[in-house]
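Since the structure comes first, as structure tokens, the remarks are kept for the end.
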Amino acid sequence: MPDELPTRYNPADFEQRLYQFWEKGQFFTPLVDRDRPKFSIVIPPPNVTGRLHIGHALVNTLQDILVRWKRMSGFNTLWLPGTDHAGIATQMVVDRELAKQGISRFDLGREKFVEKVWEWKESYGNQIVDQLKRLGASADWTRSRFTLDEGLSHAVRHVFVRLYEEGLIYRALAMVNWCPFCRTAISDIEVEFREQNSKIYEIDYPLADSDRRLTVATTRPETMLGDTALAVHPDDERYRELIGREAVLPIAERRLRIVGDPILVDREFGTGVVKVTPSHDKNDYEAGQRNNLPQLQVIDETGRMTEAAGHDFAGLDRFDARRKVLDRLREMGLLRSTKDYVHSVGFHERCDTIIEPMISRQWFVRIEPLARPAIDAVRSDAVRITPQSWEATYFNWMENIYDWTISRQLWWGHRIPAYYCANGHTIVREQEPAACPDCGSTTITQETDVLDTWFSSALWPFSTMGWPENTLDYQIFYPTDVLITGYDILFFWVARMIMMGLHFTGRAPFSAVFLHGLVRDEFGQKMSKVKGNVIDPLDIVGEYGADALRFTLAIFSVGREIPLAKSRIQGYAAFANKMWNASRFALMHIDTELKSAKGINRDELRTVERWILSRLNSTTRDVNKALSAFRFDEASNALYHFFWHEFCDWYIEMAKPVLLGRHGTEADTRQSKRVLLEVLDRSLRLLHPFMPFITEEIWQKLGGVEPSIMVAPYPIAEDVLEDREAERLVSAVKAIATVVRNVRAERGFAPKDRFKLHIHTEQPRDANFFTEYAYLLKELARLTELVVNGEPPAGAVHDVVEGFAISIELPEKVVTPEQIERTQREIEKCRKELTSLEAKLANAQFIQNAPRPVVEQAQARHAELRARIEKLMQNQ
RNA sequence: AGGCCCUUAGCUCAGUUGGCUAGAGCGCCACCUUGACACGGUGGAGGUCAGCGGUUCGAGCCCGCUAGGGCCUACCA
């Protein structure tokens, strides 16, 4: 029996098989067709060194949901994948590999090392791609790109040269953030400031020409060896007359000018005297420029003290030097105090090394001219950021942006296309020149620095499409439609893509940005190996299936933090199991003849069938609407609720009597089966973007026309399916059944005990409905009999439900104190609401100002409450 | 220091232009092995929507203040 499903949902049985089926079927590859509406997105390229973590799972699940939705909705859809060469990260990984063999990259030399990295990339770089496939990512792998491949490298050189020619890239000596561990400059946003418990030291600097001493405070005493001045505030009466005189730098015994600098010095802070180290502090550097101070580099690029720090210190690590300086000062009696101090210290986010501000020659992007159009693009809604609150952060950063340090002293990356001739001329060209255009020299060397990884990432949306060539892909799929990523790389990546896209293609690279939250553990803690709270998505896929993980991520995708607990994933695996079993049930009753002749005649449908189709229709509308607004949570919630709590809990139960032939005609049974199939089919298609595997597995057994559910049309809402009347009546049936069950449970009757129920209605149509569907209520509420508009005995339990007065005849009168109290409470609640409603309705302004439907609703509610109170009173 | 955000059931969170009789999932309690499913079914308990004040016929939602928490940017001799 090929059509039967195993009793238990076991995703491992089919997920990988289905993925291979999709790949083989080439369903992920769009057509090269410019006449069809397209939808395109590019993946945030994971690092080649990456192993799939839960953040990847989230961002790629969300992209896949959109892509599958759009593809099924008829768009020519491209999801372009790829990986990032990740300069520092990858270099570090290979460094570590080499270290295991006892060699360093310096032993190999640049060329050999880069070869090694490529080798590493060829063997391990595809790991993350295979892992994405486990999640069900429907990216077009045939178009996969790598930031360091030939095409992208060409784009990088092209952009570099143009920016240089436009004066937007320059090389300069400047104070940059230096990582002594990675031995490279890094940009400002790669520095992570952290509060540290540290010490602040007060040190006495004697004046050169008197006994007076000036006390300065510092957290970094080792840098004093590089001091070239002291600064005071020019308006500070305590020190004003000292400006222009000299102090003596302890230990080094060097003369220091005392300068007045209102920008550097805050009179209120500390002693009001500041030591100035222009070579190792950003503010001091600037003060040095203003006051024309000499620079003295005392720390080198490895974090050790230089010769300039003095013979006693040269070669010492900066932190050892700190201790030694303090010892000296103590001996000299110049260390006035040591106090605990909390301040923030900059760390390199990649390697956790404390950043050393350092003057060096680097390449920069003059960013302000690029930022302006990028600000306008967001302001004018050419690019819409969701959630919108991030726009403020974006503007704040973009409006106060400073030049971007793009050179890195690494070996792995895009080597900067600048060349220097023997006579010191600089040539910036896409290809190495044969001779210097200025002097004809043929002795030419290429710049050794490489570019910041984010430089190539900034070009990703168009470089991956073949730009700067005017390729068909570029013409058809650029600009992309939406970019999905985490808010943590808004500045690193998103802002820079907008800037580069606008500058080089004249268009924003995407019209929408969706920033998802960051995944945390169930207690809101960051996941980290140290804490041991890491959830490995591949473990989850193995345990619960990719679909359960995807559904969980979708439902929690909104908000800044996504607390992920296994119990939640388990919950959605249970949902998958529910789908599985509901489908099993349906398949048991759907015969082959039905599968080939799908479709239903709406005019012949009974109320219950019209009801479920109406509910499905409004779910369809909600899901499409939610997805358009990136409300993955609303979409998945709507589907979860519909499928489980409307389709399974109610419709299937309501359909059973007719479906199983216990009630109605054969024609009714056939219709019922048709509707069951129709609703299941549509539900599966609606759910497919969220849970691609299980929906495909089941759908394959439903006998569709298309080869795969992933290319079957996505349902759209149809007004004809909406049926308010059916919704009203079935809603009443549900509510009445619930009340009867409630009374049964509350009064201690057994589930199998059956009662006689009376329903009263003035509407002949409603009376006919209940008469016709008496069998249904008898089944759902377990009744012996349903009487419409009869004479209920006084001793019955009365209530009013959705406008219908009902009375339940119990076999014996059971009155417990709890029960009386409960009725009492219910009446109280109604009365309270009634009182406030009456006040509302008595208020002329409410009647006047509130919209008509609101007033009508209040009036209807008022009537119902009164009737209900009256009936409930009879139960006493 | 500037900016953004959060505070709703035991836990984690929805609640879109003010109309709510405030929802969901998980957890909890009671009952039920009914022929799709115990990864199930039925019923239930649980909230002065952080506090105070204002606008409004009407505030969880808008405005102001207070308290607590988080994040981003800048800086900290």
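Checking the condition under 18 Å from A:LEU553 (Cβ atoms) and either in contact (Cβ under 8 Å) with a residue 60 or more places away in the chain or among the charged types (D, E, K, R) (or both), which residue from A:LEU627, A:LEU680 passes?
Numbers: A:LEU680 fails: under 18 Å from A:LEU553 (Cβ atoms).
Answer to the selection: A:LEU627.
Being of a type outside the set (A, V, I, L, M, F, W, C) and free of Cβ contacts under 8 Å to residues at least 40 places away in the same chain is true for just one of A:GLY795, A:GLY803. Which residue is that?
A:GLY795
Would you check if A:VAL730 is β-branched (Val, Ile, Thr) and closer than 23 Å to A:LEU18 by Cβ? Talk me through it step by step, then tell me what you get.
Values: β-branched (Val, Ile, Thr): yes; closer than 23 Å to A:LEU18 by Cβ: no.
For A:VAL730, the condition - β-branched (Val, Ile, Thr) and closer than 23 Å to A:LEU18 by Cβ - is not met.
Provide a single number: the residues in segment A:638-682 that are aliphatic (A, V, I, L, M) and more than 13 Å from RNA strand B (Cβ to nearest atom). I'd like the intermediate steps shown before the answer.
Within segment A:638-682, the first condition is being aliphatic (A, V, I, L, M), and the residues that meet it are A:638-639, A:652, A:654-655, A:658-660, A:667, A:675-677, A:679-680.
With more than 13 Å from RNA strand B (Cβ to nearest atom) added as a condition, the list becomes A:667, A:675, A:677.
Selection size over segment A:638-682: 3.
Test A:ALA635 against the criterion of being closer than 30 Å to A:VAL67 by Cβ and within 9 Å of RNA strand B (Cβ to nearest atom), and give yes or no.
Working: closer than 30 Å to A:VAL67 by Cβ: yes; within 9 Å of RNA strand B (Cβ to nearest atom): no.
When the stated conditions are applied, A:ALA635 does not pass them.
Within segment A:493-503, track down each residue that is of a type outside the set (Lys, Arg) and either open to solvent by less than 20 Å² (accessible area, probe 1.4 Å) or out of contact with any Pro (no Cβ under 8 Å at 6 or more places or on another chain) (or both). Spell out how you get there, then give the answer.
To start, the set of residues in segment A:493-503 that are of a type outside the set (Lys, Arg) comprises A:493-495, A:497-503.
Those that are of a type outside the set (Lys, Arg) and either open to solvent by less than 20 Å² (accessible area, probe 1.4 Å) or out of contact with any Pro (no Cβ under 8 Å at 6 or more places or on another chain) (or both): A:TRP493, A:VAL494, A:ALA495, A:MET497, A:ILE498, A:MET499, A:MET500, A:GLY501.
Given the conditions (1) within 37 Å of the chain's Cα centre (by Cα); (2) farther than 17 Å from A:ASP188 by Cβ; (3) within 13 Å of RNA strand B (Cβ to nearest atom), which single one is not true for A:THR338?
Failed condition: (1).
Out of A:GLY661, A:GLY704, which single residue is in contact with a helix residue (DSSP H, G or I) (Cβ under 7 Å, 6 or more places away or on another chain), part of a loop (DSSP other than H, G, I, E, B) and modelled with pLDDT under 95?
Result: A:GLY661 is the single residue among A:GLY661, A:GLY704 that is in contact with a helix residue (DSSP H, G or I) (Cβ under 7 Å, 6 or more places away or on another chain), part of a loop (DSSP other than H, G, I, E, B) and modelled with pLDDT under 95.
From A:ARG728, A:ARG724, grab the single residue that is more than 14 Å from RNA strand B (Cβ to nearest atom) and under 30 Å from A:ALA635 (Cβ atoms).
A:ARG724
Quick test of your reading of the structure: A:SER104 fulfils all but one of (1) in contact with a Phe, Trp or Tyr (Cβ under 9 Å, 6 or more places away or on another chain); (2) at pLDDT below 90. Name the failing condition by number.
Every listed condition holds for A:SER104 apart from (1).
Please enumerate the residues belonging to segment A:720-774 that are open to solvent by less than 30 Å² (accessible area, probe 1.4 Å), more than 25 Å from A:GLN876 (Cβ to Cβ) and of a type in the set (Ser, Thr, Tyr).
Answer for segment A:720-774, where residues must be open to solvent by less than 30 Å² (accessible area, probe 1.4 Å), more than 25 Å from A:GLN876 (Cβ to Cβ) and of a type in the set (Ser, Thr, Tyr): just A:TYR773.
Would segment A:103-120 turn up any residue that is over 30 Å from A:LEU329 (Cβ atoms) and assigned to a strand (DSSP E or B)?
Step one: filter segment A:103-120 for residues over 30 Å from A:LEU329 (Cβ atoms), giving A:103-120.
Those left that are additionally assigned to a strand (DSSP E or B): none.
Looking through segment A:103-120, none of the residues is over 30 Å from A:LEU329 (Cβ atoms) and assigned to a strand (DSSP E or B).
Among the numbered conditions (1) without any contact (Cβ under 8 Å) to a residue 60 or more places away in the chain; (2) under 22 Å from A:PRO707 (Cα atoms); (3) of a type outside the set (Phe, Trp, Tyr), tell me where A:PRO11 comes up short.
So the condition that A:PRO11 fails would be (1).
Quick one: count up the residues across segment A:557-579 that are within 8 Å of RNA strand B (Cβ to nearest atom), modelled with pLDDT of 80 or more and either hydrophobic (A, V, I, L, M, F, W, C) or surrounded by 21 or more Cβ atoms within 10 Å (Cβ to Cβ) (or both).
Residues meeting the conditions: 5.
From the list A:THR219, A:THR223, A:THR306, A:THR302, pick out the single residue that is within 16 Å of A:ASP204 (Cα to Cα) and out of contact with any strand residue (DSSP E or B) (no Cβ under 6 Å at 6 or more places or on another chain).
That would be A:THR223, the only listed residue that is within 16 Å of A:ASP204 (Cα to Cα) and out of contact with any strand residue (DSSP E or B) (no Cβ under 6 Å at 6 or more places or on another chain).
Which residue, of A:ASP235, A:ASP209, is open to solvent by 40 Å² or more (accessible area, probe 1.4 Å), more than 16 Å from RNA strand B (Cβ to nearest atom) and without any contact (Cβ under 8 Å) to a residue 60 or more places away in the chain?
A:ASP209
Quick check on segment A:683-702. Is at least one of its residues within 15 Å of RNA strand B (Cβ to nearest atom), in contact (Cβ under 8 Å) with a residue 60 or more places away in the chain and surrounded by fewer than 18 Cβ atoms within 10 Å (Cβ to Cβ)?
yes
Filtering segment A:830-859 down to residues that are over 30 Å from A:VAL814 (Cα atoms) and either open to solvent by less than 60 Å² (accessible area, probe 1.4 Å) or touching a residue at least 40 places away in the same chain (Cβ under 8 Å) (or both), which residue is farthest from RNA strand B (Cβ to nearest atom)?
To start, the set of residues in segment A:830-859 that are over 30 Å from A:VAL814 (Cα atoms) comprises A:835-859.
Keeping just the survivors that are either open to solvent by less than 60 Å² (accessible area, probe 1.4 Å) or touching a residue at least 40 places away in the same chain (Cβ under 8 Å) (or both) gives A:837, A:841, A:846, A:850, A:855, A:858.
On the way: A:LEU837: 8, A:LEU841: 10, A:PHE846: 4, A:ALA850: 3, A:VAL855: 8, A:ALA858: 8 Å.
By that ranking, first place goes to A:LEU841.
Of all strands (runs of 3 or more DSSP E) completely enclosed by segment A:353-443, which ones contain at least 1 residues that are within 12 Å of RNA strand B (Cβ to nearest atom) and buried (at least 18 other Cβ atoms within 10 Å of the Cβ)?
Details: elements: A:356-365, A:384-386, A:418-421, A:426-428.
Qualifying strands (runs of 3 or more DSSP E): A:356-365, A:384-386.
Can A:VAL705 be described as free of Cβ contacts under 8 Å to residues at least 60 places away in the same chain, farther than 20 Å from A:THR619 by Cβ and either within 16 Å of RNA strand B (Cβ to nearest atom) or open to solvent by 10 Å² or more (accessible area, probe 1.4 Å) (or both)?
yes
Is it fair to say A:ARG507 is within 18 Å of A:ARG162 (Cβ to Cβ), surrounded by fewer than 24 Cβ atoms within 10 Å (Cβ to Cβ) and not aromatic (Phe, Trp, Tyr)?
Details: within 18 Å of A:ARG162 (Cβ to Cβ): yes; surrounded by fewer than 24 Cβ atoms within 10 Å (Cβ to Cβ): yes; not aromatic (Phe, Trp, Tyr): yes.
The answer is yes for A:ARG507.
Out of everything in segment A:819-869 that is of a type in the set (Gly, Ala, Ser) and within 45 Å of the chain's Cα centre (by Cα), what residue ends up being farthest from A:ALA805 (Cα to Cα)?
A:ALA850
Select from segment A:250-267 the residues that are touching a helix residue (DSSP H, G or I) at 6+ places or on another chain (Cβ under 9 Å), within 15 Å of RNA strand B (Cβ to nearest atom) and within 22 Å of A:MET358 (Cβ to Cβ) and write down the one among them that is most open to solvent (accessible area, probe 1.4 Å).
Step by step, filter segment A:250-267, then rank; the result is A:ILE263.
When you scan segment A:84-98, do you find a residue that is part of a strand (DSSP E or B) and either under 19 Å from A:ARG350 (Cβ atoms) or open to solvent by less than 10 Å² (accessible area, probe 1.4 Å) (or both), even just one?
Yes: segment A:84-98 contains one or more residues that are part of a strand (DSSP E or B) and either under 19 Å from A:ARG350 (Cβ atoms) or open to solvent by less than 10 Å² (accessible area, probe 1.4 Å) (or both).
Any idea which residue in segment A:460-518 is nearest to the chain's Cα centre (by Cα), counting only those that are over 25 Å from A:GLU190 (Cβ atoms) and assigned to a helix (DSSP H, G or I)?
A:PHE477
Residues that are near RNA strand B (Cβ under 9 Å from one of its atoms) and open to solvent by less than 10 Å² (accessible area, probe 1.4 Å): does segment A:180-202 have at least one?
no
Does A:PHE643 satisfy the criteria of being aromatic (Phe, Trp, Tyr), under 30 Å from the mean Cα position of the chain (by Cα) and either surrounded by 17 or more Cβ atoms within 10 Å (Cβ to Cβ) or outside any helix (DSSP H, G or I) (or both)?
Numbers: aromatic (Phe, Trp, Tyr): yes; under 30 Å from the mean Cα position of the chain (by Cα): yes; either surrounded by 17 or more Cβ atoms within 10 Å (Cβ to Cβ) or outside any helix (DSSP H, G or I) (or both): yes.
Answer is yes for this residue.
The values are calculated or read from the model by the stated rules, or taken from the named source; none is laboratory data. Because the structure is predicted, anything quoted here is derived from the model rather than measured. With ideal geometry, Cβ positions are generated from the backbone for all residues, glycine too; neighbour counts draw on all protein chains shown. With ligands, DNA and RNA removed, areas are computed over all heavy atoms of the protein, side chains included. Shrake-Rupley method; radii C 1.70, N 1.55, O 1.52, S 1.80 Å.
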